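As structure tokens, the structure follows; a few thoughts come after it.
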Amino acid sequence: MNNSWNTHYHHFDQKKYPPAATLVKTLEFLKKTPLDIKNKLAIDLGCGNGIDTFAMLQEQWNVLAIDKQNDALLRIKDNIPVEHKDQLQLDLRAFENIDTLPDAYLINATFSLPFCHPDHFEKLWHVITSAIPKNGFFSGHLFGHNDSWNSNPEMTFHTVEKINELFKEYHLHFNKEIEKQGTTISGKTKHWHVFHIVAQKK
């Protein structure tokens, strides 16, 4: 798995790939909504190369970036602009080892939560929901059962019904289910079945 992620990072061009559309939508919602936030903290779960992390830093969020790959965090550390260094915390941790998170008005998980082992997903989701206060946001993606990676027993996939159950404490500003043939960042053919979500805690 480490080799696979290293290949992923090798093919990922930060200049070519913008922040996730779900995060962009969320940041737009936040700009339009007057907020009284004492601790403007965002969490980037499975931050990868830090595309989304950098986008949140540029919007003046303090960001806790979490990833299980040390290479990912080192790349972020090496590329972070000097003016944003004080806003950033890096945390080397696998999803399975996340027992608690600080309160965060924005939690972002771009194409990362499906890589949580299904035995640990419910606990992780409880931790995420507990960390988001009223009116706080979640942005991210979950995979459906028709995704071509669905034979991987270490990944988590969801039905529409399960998505609705997970987000029963949220208002779904954006929830788009997309199935399509495509490729991975490394160029491999793949059938994608993805739920693209922007949700606000009730």
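Closer than 17 Å to residue 46 by Cα and in contact (Cβ under 8 Å) with a residue 40 or more places away in the chain: which single residue out of 127, 194 fits that description?
Step by step, each of 127, 194 is checked, and only 194 is closer than 17 Å to residue 46 by Cα and in contact (Cβ under 8 Å) with a residue 40 or more places away in the chain.
Which residues, counting only those in region 70-102, are modelled with pLDDT under 95, outside any helix (DSSP H, G or I) and of a type outside the set (A, V, I, L, M)?
Of everything in region 70-102, just one residue is modelled with pLDDT under 95, outside any helix (DSSP H, G or I) and of a type outside the set (A, V, I, L, M), namely 81.
From (1) of a type outside the set (Lys, Arg); (2) within 27 Å of residue 33 (Cα to Cα); (3) in contact with a Gly (Cβ under 9 Å, 6 or more places away or on another chain), pick out the condition that doesn't hold for residue 129.
(3)
Looking at this structure, is residue 152 surrounded by 12 or more Cβ atoms within 10 Å (Cβ to Cβ) and assigned to a loop (DSSP other than H, G, I, E, B)?
Spelling it out, residue 152 is indeed surrounded by 12 or more Cβ atoms within 10 Å (Cβ to Cβ) and assigned to a loop (DSSP other than H, G, I, E, B).
For residue 59, only one of the following conditions fails: (1) closer than 22 Å to residue 129 by Cα; (2) surrounded by fewer than 19 Cβ atoms within 10 Å (Cβ to Cβ); (3) of a type outside the set (Val, Ile, Thr). What is its number?
(1) is the only condition that residue 59 fails.
Would you check which residues across region 130-172 are of a type in the set (S, T, N, Q) and in contact (Cβ under 8 Å) with a residue 60 or more places away in the chain and list them?
135, 139, listed by residue number.
Considering only residues that are out of contact with any Phe, Trp or Tyr (no Cβ under 9 Å at 6 or more places or on another chain) and either surrounded by 18 or more Cβ atoms within 10 Å (Cβ to Cβ) or more than 29 Å from residue 154 (Cα to Cα) (or both), which ones fall in region 78-97?
78, 82, 83, 85, 86, 88, 90
The values are calculated or read from the model by the stated rules, or taken from the named source; none is laboratory data. Everything quoted here is computed from the prediction, not taken from an experiment. Using ideal geometry, Cβ is built from the backbone for each residue, glycine included, and neighbour counts are taken over all protein chains shown.
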